[in-house]
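S.K.: Got a structure for you, written out below as structure tokens; questions coming shortly.
The values are calculated or read from the model by the stated rules, or taken from the named source; none is laboratory data. Computed from a predicted model, the values in this text were never measured in an experiment. So basically every Cβ, Gly included, is an ideal-geometry build from the backbone, and we count neighbours across all protein chains shown.
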Number of protein chains: 2
Amino acid sequence: MVRVGDEVSNKQLIFRDYVIGSPKESDMYLTTGTIKLKVPEGSNAVLVKNLYLSCDPLMQFFMRKAEGPNGYLYYNPGSNLFQTMLYACDSELVICNFWVWVAKVLDSGHPEFKAGDFVWGIIGWEEYSLITKTTDTLIKIQHTDVPLSYYTGILGMSGMTSYAGFYEVGTPKKGEYVFISAASGAVGQLIGQIAKLEGCYVVGSVGSKQKDLNAALKRYFPEGIDVYFEHVGDKMLDSVLLNMRHHGRIAVCGMISQYNLDEHKGIKNLLHIGFKWIQMKGYTHRNYYHLYPKFLDLVLPYIKEKKMVYVEDIVEGLESGPAALVGLFSSRNFGKQVVVVAHE
Amino acid sequence: MVRVGDEVSNKQLIFRDYVIGSPKESDMYLTTGTIKLKVPEGSNAVLVKNLYLSCDPLMQFFMRKAEGPNGYLYYNPGSNLFQTMLYACDSELVICNFWVWVAKVLDSGHPEFKAGDFVWGIIGWEEYSLITKTTDTLIKIQHTDVPLSYYTGILGMSGMTSYAGFYEVGTPKKGEYVFISAASGAVGQLIGQIAKLEGCYVVGSVGSKQKDLNAALKRYFPEGIDVYFEHVGDKMLDSVLLNMRHHGRIAVCGMISQYNLDEHKGIKNLLHIGFKWIQMKGYTHRNYYHLYPKFLDLVLPYIKEKKMVYVEDIVEGLESGPAALVGLFSSRNFGKQVVVVAHE
């Protein structure tokens, strides 16, 4: 049992260099430093013990050279998110060893957080973190009567992505025909459940080897698709465009099939956007956090009443982080990938 | 001078068969019939003398076999617009010899129209038309103190397309960076003028032979593009996607580069939709006619004060119709293509 003021060992996962293409386990190594479990006198820093680490496909953009091919700044020129996240976790010197965590506050100089609080947000890949520069990316957990690991997913980023995607972007109505690609992923499985609860007709695809996507979609959607939640891209998107209905909506969360390609696949059926008055809209959870309380009001009761289920693929130990992360890109996980570094 | 009740000769342009690929002049022929200039006793038909015929790229979809490749119903399965337009102009037996006209009412059994009224809407390619089955697609012209030919374009379909595209789909704000492809076309030239009047930074492209579109866009939009009005598709769209700003909007009116291709070109940069939260939305004037009075309130004063100009490429005589129409697809026209069949 550690105490505030102790000097303890602190395992960290470090990237050797910028990653090229898909990440490999050998891109990371484990090192052990020490950390004093106390915020410096007079600072408004927060010192946390890290519990649950989230693994998400999006992380790859932060492992690559930011301005390079498929790097974060390549797609987000002028964005300061990358810097914000680096600052948030004191990681100027290492590449990308940060992502979404659930953590417990051990000591705090910040008025919004006190020892014993649970938080979720962007933290470094290590056992303990001193968060000094900003707390913009930390959220205090108000409801602790659900599994805390859920804040890495269903009650965190994936949850907000699903909520915003459904209610603010795709906006399916009761009885509408909804299609979801990557429907077993962290976001897809939630959107599917929300859509069912809202009375939509819902079909999802999961890493199908289906050859004729167009025929498959016609079979499941003889009347066409009203709303498509896009996580895949490529041939799936082309087939969906053929099968969209007039006034259809495509909510673009991501296109994972394209993230590691040097040259992206061309989409040929965009003419349908003009002819069928389709709206295709990209979005990010980050623009919708003003809705976070409303989101919790909706989802927490469903979770407690078991009307909504959430599958997590949990591995133990910071050492398991690289394999868990790499596994995402070969679909080794089943459900949301979480690494437990410490139990509360 | 013809009178109501006269039996007169009536020239018509007829399509020999469904068109394949781009239309050729030889796809049409001129024939002469007769017509009695009187609506049948007790009917609510309208008999009109046709004045100005509009030529638009969109017409090609109605020349092809509706369900065939690049035909109207191929892109609009289940739509009844094609049938409505056929019925509107009594053209069940011929293919596509109908489109937007300005006409003068000679006789009417319909309470909304009387002799002497000017109208615009979907009418057959002929000198006189008896419109028997529906008047859904006819609009009475309330303002005759502007050139009546304008109702084939700036005050008709192209005008409503531009208005809806600007105010309801692209929604550029004062100071935003606006890019318009096919900027000298019937729609593009209007959107450009509205955008200038609304205080936007506006750049348009016109059939450029520019090799490096990406570099050209970077030069004109060092800060990126907020709103793109899409009329072209292909490489232009791909280059625009690279140069869009966060929260950018793409209003898709059409993609003329793709209309005659057996296989459509692939768009490779759609990833940017997800990463930059771009909205890409197809639209048609047809969904916005509840705004027609509001549109006229905006545009008529601009036209009368010469704050808005509109270039028409006018040819004389129904005989000139096929060449004018075919010329559209090789960019032979300069400005909105109109055929004058009779002066008032």
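S.K.: Take the residues of segment A:158-172 that are closer than 13 Å to A:MET280 by Cα and β-branched (Val, Ile, Thr): which is nearest to the chain's Cα centre (by Cα)?
M.R.: Ranking the qualifying residues of segment A:158-172, first place goes to A:VAL169.
Yes or no, residue by residue, for (1) among the charged types (D, E, K, R); (2) closer than 23 Å to B:GLY68 by Cα; (3) in the same structural domain as B:ILE194 (by TED's automatic domain parsing):
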position	(1), (2), (3)
B:PHE275	no, no, yes
B:GLY321	no, no, no
B:ALA324	no, no, no
B:LEU328	no, yes, no
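S.K.: Also: Cβ contacts < 7 Å: first residue on the phi > 0 side of the Ramachandran plot, restricted to segment B:6-22; second residue of a type outside the set (Val, Ile, Thr), any location; separation 6+ or different chain. Result?
M.R.: B:GLY21/B:ASN260
S.K.: At pLDDT 95 or above and hydroxyl-bearing (Ser, Thr, Tyr), is that true of B:TYR87?
M.R.: On the way: at pLDDT 95 or above: no; hydroxyl-bearing (Ser, Thr, Tyr): yes.
No; evaluated as a whole, the condition is false for this residue.
S.K.: Continuing with the same structure: Hey, B:LEU237 hits all of (1) surrounded by fewer than 19 Cβ atoms within 10 Å (Cβ to Cβ); (2) in contact (Cβ under 8 Å) with a residue 12 or more places away in the chain; (3) at the interface with chain A (Cβ under 9 Å from one of its Cβ atoms) but one; which does it fall short on?
M.R.: Just one mismatch for B:LEU237, condition (1).
S.K.: Tell me yes or no: at least one residue of segment A:259-267 is of a type in the set (A, V, I, L, M), buried (at least 18 other Cβ atoms within 10 Å of the Cβ), over 21 Å from the mean Cα position of the chain (by Cα) and not assigned by TED's automatic domain parsing to the domain that holds A:LYS11. Steps first, answer last, please.
M.R.: Restricting attention to segment A:259-267, the residues satisfying the condition of being of a type in the set (A, V, I, L, M) are A:261, A:267.
Subsequent filtering for residues that are buried (at least 18 other Cβ atoms within 10 Å of the Cβ) retains A:267.
This time we only want the ones that are over 21 Å from the mean Cα position of the chain (by Cα), so: A:267.
Among the residues that remain, those that are also not assigned by TED's automatic domain parsing to the domain that holds A:LYS11 are: A:267.
Yes, that holds for at least one residue.
Okay, residues lined up against (1) among the polar types (S, T, N, Q); (2) touching a strand residue (DSSP E or B) at 6+ places or on another chain (Cβ under 7 Å); (3) at pLDDT 95 or above:
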{"position": "A:GLN60", "(1), (2), (3)": "yes, no, no"}
{"position": "A:TYR72", "(1), (2), (3)": "no, no, no"}
{"position": "A:SER108", "(1), (2), (3)": "yes, yes, yes"}
{"position": "A:ALA115", "(1), (2), (3)": "no, yes, yes"}
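S.K.: Among the strands (runs of 3 or more DSSP E) confined wholly to segment B:267-344, which include 1 or more residues that are closer than 16 Å to B:LEU190 by Cα and without any contact (Cβ under 8 Å) to a residue 60 or more places away in the chain? Full working, then the answer.
M.R.: Working: elements: B:279-282, B:312-316, B:336-340.
Ranges flagged: B:312-316.
S.K.: hydroxyl-bearing (Ser, Thr, Tyr), surrounded by fewer than 22 Cβ atoms within 10 Å (Cβ to Cβ) and either outside the structural domain of A:TYR163 (by TED's automatic domain parsing) or under 23 Å from A:ALA186 (Cα atoms) (or both), is that true of A:TYR228? Give the steps one after another, and end with the answer.
M.R.: On the way: hydroxyl-bearing (Ser, Thr, Tyr): yes; surrounded by fewer than 22 Cβ atoms within 10 Å (Cβ to Cβ): no; either outside the structural domain of A:TYR163 (by TED's automatic domain parsing) or under 23 Å from A:ALA186 (Cα atoms) (or both): yes.
When the stated conditions are applied, A:TYR228 does not pass them.
S.K.: Does segment B:253-264 hold any residues that are touching a Gly at 6+ places or on another chain (Cβ under 7 Å), free of Cβ contacts under 8 Å to residues at least 60 places away in the same chain and facing another protein chain (nearest Cβ under 7 Å), and which are they?
M.R.: Those that are touching a Gly at 6+ places or on another chain (Cβ under 7 Å), free of Cβ contacts under 8 Å to residues at least 60 places away in the same chain and facing another protein chain (nearest Cβ under 7 Å): B:MET255, B:GLN258.
S.K.: Right, here's the next one. Considering only segment B:21-44, state which residues are surrounded by 13 or more Cβ atoms within 10 Å (Cβ to Cβ), touching a strand residue (DSSP E or B) at 6+ places or on another chain (Cβ under 6 Å) and farther than 14 Å from B:GLU319 by Cα.
M.R.: B:ILE35, B:LYS36, B:LEU37, B:LYS38, B:VAL39
S.K.: Now a separate question. Within segment B:8-64, can you find the residues that are under 24 Å from B:ASP107 (Cα atoms) and assigned to a loop (DSSP other than H, G, I, E, B)?
M.R.: Within segment B:8-64, B:LEU37, B:LYS38, B:VAL39, B:PRO40, B:GLU41, B:GLY42, B:SER43, B:ASN44, B:ALA45 meet the criteria.
S.K.: Of the conditions (1) within 14 Å of another protein chain (Cβ to nearest Cβ); (2) over 17 Å from the mean Cα position of the chain (by Cα), A:TYR288 satisfies every one except a single condition; which number is it?
M.R.: For A:TYR288, the exception is condition (2).
S.K.: Name the single residue that is nearest to A:LEU73 (Cα to Cα) among those in segment B:225-234 being in contact (Cβ under 8 Å) with a residue 40 or more places away in the chain and in contact with a Leu (Cβ under 9 Å, 6 or more places away or on another chain).
M.R.: B:ILE225
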